[in-house]
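Every number here is computed from the coordinates shown, using simple stated rules; none is lab data. Since the structure is predicted, the reported quantities are computational estimates derived from the model, not experimental observations. Because the Cβ atoms are built from the backbone with ideal geometry, glycine has one as well, and the counts that use them run over all protein chains shown.
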Amino acid sequence: MQTYTMELQGKEFSMETGRLAKQASGAVLLRHGDTMVLVTATVSDQPREGVDFLPLTVDYEERLYAVGRIPGGFIKREGRPTERATLGCRLTDRSVRPLFPKGFNHSLHIVATILSMDQDCPPEPLAIIGASAALSISKIPFEEPIGAVIVGLVDGEVVVNPNQEETEKSSLHLMLAGSEDAVLMVEAGADEINKDDVIKAIQAGHETIKEIVDLQKKMVAEVGEEKMIVESKTLPQDMVDKVEPVVKEGVSEALKISDKQEREEKLASVKQEIKDKFVEDYPEQESELSKIFETVLKDTLRKMIINEDLRADGRRPEEIRPISCEISSLPRTHGSAIFTRGQTQVLNICTLSALRDMQMLDGLGLEESKRFMHHYNFPPYSVGEAGFMRGPGRREIGHGALAERALEPVVPSEDDFPYTIRLVSEVLESNGSTSMGSVCSGSLAMMDTGVPLKRPVSGIAMGLIKEGDDVVILSDIQGVEDFLGDMDFKVAGTEKGITAMQMDIKIKGLSRELLEKALDRADEGYKYILNIMNETISEARPELSPNAPRMIRMQIDVDKIRDVIGPGGKMINKIISETGVGIDIEPDGRVFIAAVDPEGGEKAREMIEALVKDVEAGEVYTGKVKRVERYGAFVEVLPGKEGLLHISHLDHHRVDKTEDVVKLGDEIEVKVLDIDDKGRINLSRKALLEKPSGGGGGRGKPDNRR
């Protein structure tokens, strides 16, 4: 067993190997504070036949025992991954994937298992570091170690790996992964911060990453295995020389077609023509012909951009595709919008509900619920394919979470807007950056609903083509530029500042200078889009959608909550059934009434007010007779509050039987005489009646009782 330690933001950070999971190709146990993560990397002995990609699978396993909890539900074991676990998988995958050599196609499995959880030390960076360490000490051909940190911004000061208290105060949550020399992956949510603060945070985080990489290098030097040899398959040169010119001619012509479907149809036609033309010269070498086609396609597109400043759809590098915005697209929803940018189109629907419809979370974090949700759907028809409609995959969850993170900073607080808010993005057409289209359409849909956003939000995806020293940054990338380019850098924000970022790259890293240039261009781009959106709607409608529930907010004494709920929920259920509203009562006495019908909402409010109102001595009430006894009647003067109307206080004259004056169910006016020290209420009907003349008690019998 070997252990390597360093201090990381005031706490010991350690990596241990050689004790656990020794049959994996590489295994490292990481600890920071009391958070412990076991990361393993396992590789197949033989390459996978017929694949020309890296068959990498990453699993991020949350275990509730790590925080001392037993899973809920009937089965009492962990089920499908939580959203946080799915995002943890994606963070690790995106960080390590660029660092494998071309041609390596062995099946590769990375598993990060959260064994112990300290809320001050999040496990996501440890999973990335652990994956790097396990790969680096194994025989797997991983090119260089990487590190990862979380960076916050507290009161304008950068904090690397902030604790829970600092995280709550931070205006930035930035996950950063990088090698010794460059940044590889960025994932961030921010509270409208400026780009200079973003750069400052990335720089500070990268300095800590360098220290983590140095520790891994020491580990590799002492326990690292000899790497597997990756045999790069080269195509026969005579075949390349013969086929390449023909492919280039067809591809060059196809890439001048701006419409995505027409261009793809032309490229597919060129590819088939190449196979048909050379099938006799190169029998049983169809895969090699396909590789030549793909290589020429990539090379031609990249040279066209670098040498001619011309993109596949005819745009210049900084140009953004035509944009259109539409709101109130659906008549019965609370709010809706369609955002179209080129051949990317997203329909977004906003739905409001009572706070009881918050999403309950069952994971390793402290957060138990959330009232703002964004869900993202990507059906096959959006890219012209016939496929299967299943539940959301990792990509859909990741894109939905990114858009949610971008919009959340402008959503009004629960105190200002006591609703649960759900956005759903339906991708209708896709040709690049549907996640940023979801941000734009989500902002529009909420304003259409009447949600009082602090400011509108938009987003843009930036790309990069880098060949040696030649570099071109692309604004608003489309699908082919994402697939054949070197970077996908998404930035969302308001006119005030950035709210979210996500960066993936396919090269070995991004220098600070390039990152600054890309961020500057992105800042210009999303603000340009924002101006176009503002022409359609720039602030929330003054009134909520007529289809949305109205929320009536009340404050009652905490001691009165039980009176509103009643025994077994009797009182609150009665109010709901009679008025058709939804009611949420918070432990601090806040009451929220959700009502589509204003009259029902007002009636519910009055019923609750009556329940919590105190009976006062000397006041007159109209009550209902609930019970009749020989000595008097019990009258409900307020909901749930009954008093005794003694037989002697029914009338000025003597009453022999209670039923002679009042019967069960009668409504009568009574006056509260007093409330004794045990809370018993004494009532009088007699006190409200005119006293008979002559002082007689009626029926010839004086009334001497009090």
- line: By the mean-Cβ-within-10 Å protection proxy, highest first, 20-29, 384-393, 146-155 rank as 146-155, 20-29, 384-393
- prompt: How big is the range 1-159 by Rg and Dmax over its Cα atoms, in Å?
  reply: 16.5, 54
task: At 4 °C and 1.567 mPa s, grab the translational diffusion coefficient of the range 237-308 from Stokes-Einstein with a Kirkwood Rh over Cα pairs, rounded to a whole number in µm² per second.
output: 104
Unit charges on C-beta of K, R, D, E only; dipole of the chain, Debye: 2920
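Please compute, over every Cα-Cα pair in the range 620-695, the percentage with a separation greater than 14 angstrom.
Values: 1607 of 2850 pairs.
Considering the range 620-695, 56 percent of its Cα-Cα pairs are separated by more than 14 Å.
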message: Tell me the volume per residue, in Å³, of the convex hull enclosing the alpha carbons of the chain.
response: 205
query: What is the extension gain from THR234 to SER577, computed as 0.36 nm multiplied by their sequence separation minus the C-alpha to C-alpha distance, in nm to one decimal?
result: 116.0 nm
task: Obtain the nm distance between the two label points defined at ARG553 and ASP214 by a simple spin-label model: each point lies 7 Å from its Cα along the Cα-to-C-beta direction.
output: 5.2
- line: For the range 3-16, in residue order, the Karplus 3J(HN,Hα) values (coefficients 6.51, -1.76, 1.60; θ = phi - 60°; whole Hz; Gly and Pro = x) are 10, 10, 10, 7, 8, 10, 6, x, 10, 6, 10, 9, 10, 10
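One quarter of the convex hull surface, Cα atoms only: what value does that give for the range 550-612 in nm²? The partial results should precede the final answer.
Numbers: hull surface 14.1 nm².
About 3.5 nm², averaged over all directions.
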- request: Could you run the Karplus curve 6.51 cos²θ - 1.76 cosθ + 1.60 with θ = phi - 60° over the range 42-49 and give me ³J(HN,Hα) per residue in whole Hz, x for Gly and Pro?
  value: 10, 10, 6, 5, 10, x, 7, 6
Separation in nanometres of the label points that stand 7 Å from Cα toward Cβ, at ARG590 and GLU78: 3.3
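So what is the relative contact order for the range 620-695, in percent, with contacts set as C-alpha pairs under 8 Å and at least six apart? Present the calculation step by step, with values, prior to reporting the outcome.
Numbers: 150 pairs, mean separation 24.5, N = 76.
Relative contact order comes out at 32 percent.
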query: At 222 nm, what helix-only mean residue ellipticity would the chain give, in deg cm²/dmol to the nearest 500, using -39500 (n - 2.57) for each DSSP H run of four or more?
result: -10000 deg cm²/dmol
task: Could you pull out the GluC sites (Glu not before Pro) across the range 619-675 that fall in loop regions by DSSP (anything but H, G, I, E, B) with no more than 13 other Cβ atoms inside 10 Å?
output: GLU619
query: Can you run phi through the Karplus equation (6.51, -1.76, 1.60; θ = phi - 60°) for the range 26-36 and list ³J(HN,Hα) in whole Hz, with x for Gly and Pro?
result: x, 9, 9, 9, 10, 9, 9, x, 9, 7, 10
query: Label points 7 Å out from Cα along the Cβ direction at SER14 and GLU667: separation in nm?
result: 7.6
